[in-house]
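Engineer: Before I ask anything, let me first share the structure, which is written out below as structure tokens.
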Amino acid sequence: MTDQKHSIVEFFEEKGFDDESMNRMMRRCNRLESTGRGRASESWDYLGSIEIQKRRLPYDVSKCLKILTLGLNQKLVPTVRCLAILGSKPGEVVKFPHIFSHTLEEKLCPLLLAFFRMLGTSEKQLGEILLLNPRLIS
């Protein structure tokens, strides 16, 4: 077992995941093996600070594993801020893991926000539209 993989396994053990769950998660998200414990821990702590209940955090993260592999300040925080501008709750970020496949904070905020405002669409409605249809920004 590589040091990185061992590190992420220890991280999951600390968070209360059993061996079967960890193996399933590692098969589902290959990027976890190369994710350092520090990055995963930063993302976990950040998610716990943005209205995601501590007791739900293991479940939510297991459904959206990619969230632990993202750079906190490079991807996770900007995406959460952009969604907040659109009227979404920060905790909703884990409900729509596909949103991380797109450069939401770069493409959406400046361009589409202005376009939809011109059409009279509220920011909250726009947030809901984009969470359900992220291909609009790809």
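Here's the yes/no breakdown for (1) surrounded by 11 or more Cβ atoms within 10 Å (Cβ to Cβ); (2) in the same structural domain as Val77 (by TED's automatic domain parsing); (3) in a helix (DSSP H, G or I):
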site	(1), (2), (3)
His6	yes, no, yes
Glu13	yes, no, yes
Gly16	no, no, no
Glu20	no, no, yes
Asn23	yes, no, yes
Leu32	yes, no, yes
Ala40	yes, no, yes
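Engineer: When you go through Val77, Val61 one by one, which is the residue that is assigned by TED's automatic domain parsing to the domain that holds Gly38 and at pLDDT 70 or above?
Structural biologist: Working: Val77 fails: assigned by TED's automatic domain parsing to the domain that holds Gly38.
From the options Val77, Val61, the qualifying one is Val61.
Engineer: Hey, could you check the stretch 19-55 for residues that are in contact with a helix residue (DSSP H, G or I) (Cβ under 9 Å, 6 or more places away or on another chain) and of a type in the set (Lys, Arg) and say which is farthest from Asp3 (Cα to Cα)?
Structural biologist: Checked the stretch 19-55; the qualifying residue farthest from Asp3 (Cα to Cα) is Lys54.
The values are calculated or read from the model by the stated rules, or taken from the named source; none is laboratory data. Values in this document were obtained by computation on a predicted structure and should not be read as measured data. Heads up, the Cβs are rebuilt from the backbone with ideal geometry, glycines too, and the neighbour counts pull from every protein chain shown.
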